[in-house]
């Protein structure tokens, strides 16, 4: 193989070229443009961007609205452990091979293939003041909840949509991880007297740890970038009740003058937060994995 | 992989390239005789009138050889974003139909061309003065008025009866309606009416109808905020307290006008004020509610004047054919085009000629005293109210920014609580800052509403 490629050194580059071109055109160039715009004042009807240096970053960091949205974004991360826990539990149930598990798997996966906007609209109908959920609460003698208008419900409602939508996807990832765990290991642990929880904690969880990490990182990034659920479900609530990406949208398309420069700066700040968050997350995971493998090595 | 190993690839590639070249060639026209001038025309949610728009475009193209009009219909809620995105890419349409609110925002951004040097006639001779005022910014005319909507009141008689309010006893003034709504809520647990107070807040609009002015001339003649003037502050406080009392649905703070329509057709509101075309929608989607509906004059402030919502047609500054674009804008808003449009849609025209065309006579009453055609009746009621209608929209670039600043702060006040006085002072400061940073505006820009003694 190496010998054949050695005759045509350009071949691997040519194979990679189309994908690279797509990346450069659709990811690299827009990213570079956003970085550039973040240092300019530019509205949709400006003739050309005007260089303003770090003014947009200063304006964003000095704004109470930015920090309120950032705090909401951080709070939105609470959805991640719940999502991971629920989808792992569902994957364990589906994996048991109970009768009807296949149907259950399909049903749990359905929200994943439902467009986010459709899902969020359906949830809006459920959660509105005179919606199904409040009618049920009233029937039970509980006062209706302002799901779509008052804090903290304006954050909890989109979280419910995120849970509903992401649940099936992460369940399938966990299921793939669980299927790869040899049954013999679990059986051996059970024969040695391990209960279900012990077997899960000491055999299954370490085996699927890379999957847990993947789900945590991916779902955290999704939570930090959440937009559809908030835009559709609680559109109209003050921007201070929303998260960073809706703030970017509001700044670019709705707020005074449609300030693309400031919106770009906020976007870059979010990018830096996500980058830092992911790096810390992965560093912690690597340390834990190293410690676990070190402990394993000492034991054997 | 060598091409020689895959002989079928060569003809496939050649054919593909020919197809691509052929497709490009298909777009080419013979420009040796007539130069094609292509303009793009965006309308706002007019897809149901597809055949009318296409017929008008056909007539215009026949009258203007070489002109080609590409029509794009845009959903109402998407126009802001689509126009902003198109303009950022320097691909704004040549001619665009906007609501007065959206138009004000884009005009303030300098997006629209001055039509005066582009038109071959005096617009004052063609359009109703109140409607034309929307597009006037000083000496410039940035838009032509198209169709108008003056609101009409719609009452669900069954829901009203549940609160022991006879239809003729239902107040037609906002302050009176608020009092009745509080009692109605206590008696029935339901809502008498709603009004957007936060998102797309109507408060800065309806206060003109009360004879109150949120703006006044400062010492140098430039407009400054008058939100802290006691009558204005008291009026706004009245609405905030009314909302907080729970007599209005919570959507009044977070949703625009669409929540009224949804709630009314679901039988959740006893009274709404909307365009007469909304009654047609009720007839289609909620025939039960339609059967119980009675049309009447819209609720107003103490002056009795109602607001004209105006759809305008503007030419963008990015247009490559501004003259042709202006001609098309004049053509689509002409008396002839508007009269024809009014026969098809429950709308009102902005030209006196169309208004006098006899399309707007009240239909006869049936044996039971109920109009034979409720939609036509509602439209006639709305047309009659035009004589008392004024566009409560100051013709100034800063107005959309002032409204947005008001909405953002009032929403927080309504939903999160807080001190009314503090919030109003903050809005007042923001308004004065925006006014200082904007092109100078004087009292000339303000709606002319006859002032009356305010009851508060």
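The values are calculated or read from the model by the stated rules, or taken from the named source; none is laboratory data. All figures in this text were calculated on a predicted structure; none of them were measured in a lab. In this analysis, Cβ positions are derived from the backbone assuming ideal geometry, glycine residues included, and neighbour counts consider all displayed protein chains.
Applying the selection to the range A:120-131, what residues are touching a helix residue (DSSP H, G or I) at 6+ places or on another chain (Cβ under 7 Å) and more than 14 Å from chain B (Cβ to nearest Cβ)?
If the condition is that a residue be touching a helix residue (DSSP H, G or I) at 6+ places or on another chain (Cβ under 7 Å) and more than 14 Å from chain B (Cβ to nearest Cβ), then A:120, A:123, A:126 are the ones that fit.
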Residue within the range A:223-243 that is surrounded by fewer than 20 Cβ atoms within 10 Å (Cβ to Cβ), free of Cβ contacts under 8 Å to residues at least 40 places away in the same chain and away from chain B (no Cβ under 14 Å) present: no
Single condition residue A:161 does not satisfy, out of (1) farther than 22 Å from residue B:415 by Cβ; (2) assigned to a helix (DSSP H, G or I); (3) away from chain B (no Cβ under 14 Å): (1)
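Residues are listed down the side, and each one gets a yes or a no for (1) part of a loop (DSSP other than H, G, I, E, B); (2) free of Cβ contacts under 8 Å to residues at least 40 places away in the same chain; (3) more than 30 Å from residue B:93 (Cβ to Cβ):
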site	(1), (2), (3)
A:56	no, no, no
A:69	no, no, yes
A:73	no, no, yes
A:90	no, no, yes
A:94	no, no, yes
A:97	yes, yes, yes
Set B:274, B:258: member being closer than 22 Å to residue A:241 by Cβ and either under 20 Å from the mean Cα position of the chain (by Cα) or modelled with pLDDT of 95 or more (or both): B:258
Residue count for the range A:240-292, restricted to those that are touching a strand residue (DSSP E or B) at 6+ places or on another chain (Cβ under 6 Å) and in a helix (DSSP H, G or I): 2
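Conditions tested, residue by residue: (1) within 25 Å of the chain's Cα centre (by Cα); (2) surrounded by fewer than 19 Cβ atoms within 10 Å (Cβ to Cβ); (3) within 14 Å of chain B (Cβ to nearest Cβ); (4) assigned to a loop (DSSP other than H, G, I, E, B).
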residue	(1), (2), (3), (4)
A:109	yes, yes, no, no
A:118	yes, yes, no, no
A:133	no, yes, no, no
A:145	no, yes, yes, yes
A:151	yes, yes, yes, yes
A:166	yes, no, no, no
A:169	yes, no, no, no
A:174	yes, no, no, no
A:188	no, yes, no, no
Only listed residue being touching a residue at least 12 places away in the same chain (Cβ under 8 Å), at negative phi and either over 28 Å from the mean Cα position of the chain (by Cα) or within 14 Å of chain A (Cβ to nearest Cβ) (or both), chosen from B:153, B:198: B:198
Residues of the range B:42-89 that turn out to be within 25 Å of residue A:48 (Cα to Cα) and more than 14 Å from chain A (Cβ to nearest Cβ), as a count: 1
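Is one or more of the residues making up the range A:99-107 in contact with a helix residue (DSSP H, G or I) (Cβ under 7 Å, 6 or more places away or on another chain) and in contact (Cβ under 8 Å) with a residue 24 or more places away in the chain?
Yes, that holds for at least one residue.
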Residues that are surrounded by fewer than 17 Cβ atoms within 10 Å (Cβ to Cβ) and either under 25 Å from residue B:66 (Cα atoms) or outside the structural domain of residue B:84 (by TED's automatic domain parsing) (or both), drawn from the range B:38-48: B:38
Entirely in the range B:323-431, the helices (runs of 4 or more DSSP H) that have 3 or more residues that are over 18 Å from the mean Cα position of the chain (by Cα) and away from chain A (no Cβ under 14 Å): B:335-344, B:352-355, B:374-385
Per-region count, the range B:90-139, residues at pLDDT below 90, away from chain A (no Cβ under 13 Å) and surrounded by 23 or more Cβ atoms within 10 Å (Cβ to Cβ): 5
Selection from the range B:310-330 of residues that are closer than 14 Å to residue B:147 by Cβ and either out of contact with any helix residue (DSSP H, G or I) (no Cβ under 7 Å at 6 or more places or on another chain) or surrounded by fewer than 22 Cβ atoms within 10 Å (Cβ to Cβ) (or both): B:311, B:329
